[in-house]
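The values are calculated or read from the model by the stated rules, or taken from the named source; none is laboratory data. This one's a predicted model, so the numbers in the text were calculated from it and none came from an experiment. Ideal geometry is used to build each Cβ from the backbone, glycine not excepted, and the neighbour counts take in all protein chains shown. Surface accessibility is based on the protein's heavy atoms, side chains included, excluding ligands, DNA and RNA. Shrake-Rupley method; radii C 1.70, N 1.55, O 1.52, S 1.80 Å.
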Amino acid sequence: MSELIFLDLEWNTTFYRSRTGERLPFHELIEVAAIKVEKDTGAMLDSFHSYICPKASRKIENRTYRLLPYERGELQELLYAAPGFLDLGPAFLHWCGAAPVFVEWGSNDVEVLLSNFAFHHLSFDADWTCEYYDLQYIYQKLLTGELGCQPSLEKAVTDLGLDTDLDFHSAWNDTYYTVLVYQTMLDRIPGLALFRRPPKQKGKLPLWELELGLFDTRWACKNRREVSQPACPLCGERLAPGRWVRTTPGEQVQRLKCQAHRRLYLIVTSEKSGLRWLCRAAIYKDAGPIAERYRKTLRKIQEKNRRRAPAG
């Protein structure tokens, strides 16, 4: 990872009807800005910037006008002279390359970018992958030490004593400011390395855990030997498998039995990472809320099966 792509987007939130008639929100991109940066030095290498003509809704919401530093007529002129996402999306993807590593201030931009590809039915190459890092969290963790209130980009730039000649809430300007913050962090923190926000820990720590990697489908990770043939972390003996239960959209739990250590729980979680699924596994002895979710979900399944069973 020698090259990073700093990314900032602006969008207009509109609504559309699904095939079932449900009214759903959609964050339609109206501006994309990105700067390629050399990871170790912070040197700016290349840039991409474009406004995007909206197609899902030609009406720009008042909130969008209030947020962005443009007059109404100026923004409308910029957008309606711009390419649509069907043209802009593939061009931006080609500029990014086959395996981009994005850096954003916050954690929404890459998700919104991918949702726009999905909305417009634009596909990716089979081997395309992406990673992304939240510089806001890294800045909080390393420079402020306060993880409660998330600082705005403007506050970070001001606190670092950087020049603020450009307006905020323009995708291009905010991308440039984010690069400046990164460059300042490189100067102040020797050996700066990017890292992700850890998952929230609830209850006791696991006896064993493993990041399984990326998979094409959500639960393909269950074919891994560590998951399909688990061993007791305490004694190494093979565990007797129980039933898998999907307790949340991103979590499956299996209750296991060890001859020496009795009941254990194997938890597999998955989250979207680009076009693939990042999966993790863990084994708990005292699973706390996880065990409770397992029991409640299992009871619901059993009750549903009893209602479906024909009367004897």
* Considering only region 213-312, give the strands (runs of 3 or more DSSP E) lying wholly within it that have at least 3 residues that are in contact (Cβ under 8 Å) with a residue 40 or more places away in the chain. => 244-248, 262-273, 276-284
* Structure fact -> Filtering region 279-297 down to residues that are open to solvent by less than 50 Å² (accessible area, probe 1.4 Å) and closer than 14 Å to Leu256 by Cβ yields Ala281, Ala282, Ile283, Tyr284, Ala287, Ile290, Ala291, Tyr294
* Failed condition for Gly21, given (1) assigned to a helix (DSSP H, G or I); (2) over 20 Å from the mean Cα position of the chain (by Cα); (3) not charged (D, E, K, R), with all others met? -> (1)
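Quickly run through region 31-61 and pick out the residues that are within 15 Å of Phe119 (Cβ to Cβ) and either outside any strand (DSSP E or B) or modelled with pLDDT under 95 (or both).
Ile52, Cys53, Pro54, Lys55, Ala56, Ser57
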* Residue count, region 86-110 (criterion: of a type in the set (A, V, I, L, M, F, W, C), closer than 24 Å to Ala56 by Cα and under 21 Å from the mean Cα position of the chain (by Cα)) -> 3
* Residue tally, condition open to solvent by 60 Å² or more (accessible area, probe 1.4 Å) and in contact with a Ser or Thr (Cβ under 7 Å, 6 or more places away or on another chain), over region 247-270 -> 0
* Need at least 1 residues that are surrounded by 14 or more Cβ atoms within 10 Å (Cβ to Cβ), among the aromatic types (Phe, Trp, Tyr) and touching a strand residue (DSSP E or B) at 6+ places or on another chain (Cβ under 7 Å) per element, so show me which helices (runs of 4 or more DSSP H) inside region 111-194 make the cut, counting only ones lying wholly within it. => 171-188
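Residue-wise test of (1) at positive phi; (2) modelled with pLDDT of 90 or more; (3) among the β-branched types (Val, Ile, Thr).
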| site | (1), (2), (3) |
| --- | --- |
| Thr129 | no, no, yes |
| Tyr132 | no, yes, no |
| Tyr139 | no, yes, no |
| Leu143 | no, no, no |
| Leu153 | no, yes, no |
| His169 | yes, no, no |
| Val179 | no, yes, yes |
| Leu186 | no, yes, no |
| Lys200 | no, no, no |
* Structure fact -> Listed by first then second residue, the pairs whose first member lies in region 86-107 and is loosely packed, with under 14 Cβ neighbours inside 10 Å, whose partner is of a type in the set (Phe, Trp, Tyr), with beta carbons under 8 Å and at least 6 positions apart or on separate chains, are Ala98/Trp128; Ala99/Trp128
* To do: Search region 40-69 for residues being free of Cβ contacts under 8 Å to residues at least 12 places away in the same chain and of a type in the set (Lys, Arg), and hand back the single one that is least open to solvent (accessible area, probe 1.4 Å).
  => Arg58
* Please work out if Gly89 is under 16 Å from Tyr177 (Cα atoms), outside any strand (DSSP E or B) and touching a Leu at 6+ places or on another chain (Cβ under 9 Å). => no
